[in-house]
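Heads up: the structure comes next, in structure tokens.
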Amino acid sequence: MPCSLWPPVNKEEYKGVWVYLEREGSRLKDVGLELLGKARDLAQKLGGAEVGGVIVAGTEEMAREAVYHGADKVVIIDNPDLKVYTPAEYAEAIAKVVGKYKPEIFLIGATKRGRELAAYIANTLTTGITADCTALEIDPKTCDLLQIRPTFGGTQLATIRTPQRRPQMASVRPGVFPKPPRDTSRTGQIIVEKVEIAKRRTRLVSIEKRLEKDVADLPPVESADVVIAGGRGLGSVEGFKLLIDLAKLLGGTVGASLMAVRAGWAPHTRQIGQTGKTIRPKLYIAVGISGAIQHLMGIMETKTIIAINPDPHAPIMENADYAVVGDYKQILPLLIEEIKRLKS
């Protein structure tokens, strides 16, 4: 529906920059804390606006953690029916809270769950949503949120704004913004909202959540300082065993390119790139990855890149700090053996 057909909103009623704080078990996901840091930056440019957070079925401990990372106010949505995530019900509850507190800007982490929720919430609030932003700024003249994201395969950047609707909504992938330092001296308001939702529309089905045993104990790609990633050049899933051994030796984790995920060699949660995770490790080792533009977009903030590839003209080699031309099956065992020797 075109914005012109929606009833106008009084933009003066909307104040502050708020963030959806996604939880995973008993802790908040890093992406929500990262967005709190960016929210503080945007709020300062809006004249010191309030920074808020929303947690569904969270705890006061989670809310305090959000305050320590920059929130002035945190709303915990309390409803026993929301202990288990379902998109329609979560979105309804979040939309009610956002509609009550009326933030000018509402940010969501572009995780698998966040991407799903964002569309539901935006539709409920009759506003727009810009997905997978890589930068957020404030227009100094209009105070509109400038939502910047790659387009045309990452070759150009589009700047999108929502001048007529509120809140202005954007989703951002994990790792795009740095997580602000934890400050336990900060204080903020914690509010528990008992939110009623309509009759449950989503049928819950109990399923077995299967994790790949080899990577279950490794950290997520977006939070590791060392990431060893494999691509189509590995040839098979067997190649990832060498990557896992190397990652464990270096205290890091394992990632994958889009093509490796499509081949079924690695789960989507390990995918790095424009359609996966954005990372900013201290060290990134790309093994058998050609370096398509969508992959390079996900590693732009990496400090040091090492590429191992038999093709000296692969794009990843031109973007690497150190390029090793050769067969990973010969190179990685020697590297692993040398690291073990140095450690012993």
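The values are calculated or read from the model by the stated rules, or taken from the named source; none is laboratory data. Since we're looking at a predicted model, the values are computed, not measured. Positions of Cβ are generated from backbone atoms using ideal geometry, with glycine treated the same way; all protein chains shown enter the neighbour counts.
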Number of the condition not met by A63 [criteria: (1) in contact (Cβ under 8 Å) with a residue 60 or more places away in the chain; (2) of a type in the set (G, A, S); (3) closer than 28 Å to Q274 by Cβ; (4) in contact with a strand residue (DSSP E or B) (Cβ under 7 Å, 6 or more places away or on another chain)]: (3)
Residue list for segment 223-278, filter: crowded, with 18+ Cβ neighbours inside 10 Å, of a type in the set (G, A, S) and part of a loop (DSSP other than H, G, I, E, B): A224, G231, G252, S257, A266, G273, G276
Condition broken by T202, with the remaining ones in (1) modelled with pLDDT under 90; (2) crowded, with 18+ Cβ neighbours inside 10 Å; (3) of a type in the set (V, I, T); (4) touching a Ser or Thr at 6+ places or on another chain (Cβ under 6 Å) satisfied: (2)
Test result for E301, surrounded by fewer than 21 Cβ atoms within 10 Å (Cβ to Cβ) and out of contact with any Ser or Thr (no Cβ under 9 Å at 6 or more places or on another chain): no
Scope segment 51-60; condition surrounded by fewer than 22 Cβ atoms within 10 Å (Cβ to Cβ) and either among the small types (G, A, S) or without any contact (Cβ under 8 Å) to a residue 40 or more places away in the chain (or both); matching residues: A57, T59
Residue check, P333 within 30 Å of the chain's Cα centre (by Cα) and either surrounded by fewer than 14 Cβ atoms within 10 Å (Cβ to Cβ) or free of Cβ contacts under 8 Å to residues at least 40 places away in the same chain (or both): no
Complete set of residues in segment 167-201 that are of a type in the set (D, E) and not in a loop (DSSP other than H, G, I, E, B): E193
